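What follows draws every value from the coordinates through simple rules; no lab data is involved. Predicted model, so just to flag it, every value in this text is computed and none were measured. Every residue, glycine among them, receives a Cβ derived from its backbone with ideal geometry; neighbour counts consider all protein chains shown.
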Amino acid sequence: MRILVVEDEPTLATQLAEGIQSVGYVVDVAHNGVDGHFMGESEPYDAIVLDIGLPQMDGITVLKKWRAAGRTLPVLILTARDTWREKVAGIDAGADDYLTKPFHMEELLARLRALIRRAGGHASTELVCGPLTLDTRSSRASVDGTALTLTSHEYRVLAYLMHHPGEIVSRAELTEHIYAQDFDRDSNTVEVFIARLRKKLPPGLIETVRGLGYRLNKAQ
Ligand code: CA
């Protein structure tokens, strides 16, 4: 899962990036509305945390532009204290949730998890596919109740597939969702992560769909 943070306060931007990374997501950060708008429109994020008070282009305008361009991804807005009008404007502009500054990182992470789950049509915090369970709260995966030991990249690949069970996911799509923007990406490495995951998972759980990509087999 790949998250965009648009926040102009450097300290808060760093805290957000570190907090979100600590639960297994990858994060890109934009420090003004113009960069944030561009990144949100051009990169396939799974969710966006958007500050409303931003230089160059305010968050409400950024959000309206994304929605007008048909970007439907979940957006959580950050508003200043005692600015209920901002919340109303943000929700009317298409925000899915909001938090008022200052907030607890745990609350932001819980809201983010919920937004990502709901965007994928999952109501529960635990995603289940046959013998495989992914607990999105603890960022842990298990098979028949036994915890799997996964590297951060293996976890990201598995988590993305678990959020899209039964769907064909291409190598390019996986690559875009497991690396941050500034990372030197190589879609061949996805094959390596899949091969390692298969050794840790029951046979047949990750199918290769020739020429198209991979699919998590729901029928197991
Ligand atoms: Ca701000």
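Worth a mention:
- In the range 151-220, the alpha-carbon atoms span a convex hull of 81 Å³ per residue.
- Charge dipole magnitude, Cβ of K and R +1, D and E -1 - the range 1-79, Cα centre, debye nearest 20: 360 debye
- Ratio of Rg to Rh over the range 94-220 (Cα coordinates, Kirkwood Rh, two decimals): 0.98
- Net charge of Cβ neighbours under 14 Å - reference Glu43; Lys, Arg +1; Asp, Glu -1: -4
- Here the dipole of the range 147-220 is about 400 debye; that uses its Cα centre as origin and unit charges on the Cβ of Lys and Arg (positive) and Asp and Glu (negative).
- For the chain, the antiparallel share of DSSP beta bridges with both residues in that region comes to about 50%.
- Taking Cα centre as origin and charging only the Cβ of basic (Lys, Arg, +1) and acidic (Asp, Glu, -1) residues, the dipole magnitude of the chain rounds to 820 debye.
- Other residues whose C-beta falls under 11 angstrom from the C-beta of Arg171 contribute a net charge of -3, scoring Lys and Arg +1 and Asp and Glu -1.
- Rounded tilt (10° steps) of 188-200 against the dominant C-alpha axis of the chain: 60 degrees
- Estimated translational D of the range 97-136 in µm²/s (Stokes, Kirkwood radius over Cα pairs; 20 °C; 1.002 mPa s): 190 µm²/s
- Here the 3J(HN,Hα) profile of the range 162-174, calculated from phi with Karplus coefficients 6.51, -1.76 and 1.60 at θ = phi - 60°, is 5, 7, 10, x, x, 9, 7, 10, 6, 4, 5, 5, 4 Hz, Gly and Pro shown as x.
- Net +/- balance of residues flanking Leu201 in space, Cβ distance below 12 Å, scoring K and R +1, D and E -1: +1
- For the range 120-167, the list of trypsin sites (Lys or Arg not before Pro) that fall in a loop by DSSP and count at most 13 other C-beta atoms within 10 angstrom reads Arg137.
- Restricting the range 1-94 to trypsin sites (Lys or Arg not before Pro) in coil, as DSSP defines it, with at most 11 other Cβ within 10 Å: Arg81
- Each eigenvalue of the Cα gyration tensor of the range 2-119, multiplied by 5 and square-rooted, gives one semi-axis; in descending order these are 18, 16, 14 Å.
- Translational diffusion coefficient (Stokes-Einstein; Kirkwood radius from C-alpha pairs) of the chain at 37 °C, 0.692 mPa s, in µm²/s: 182 µm²/s
- Proximal lysines relative to Lys101, as straight alpha-carbon distance under 27 Å, when same-chain residues fewer than 8 apart are discounted: Lys64, Lys65, Lys87
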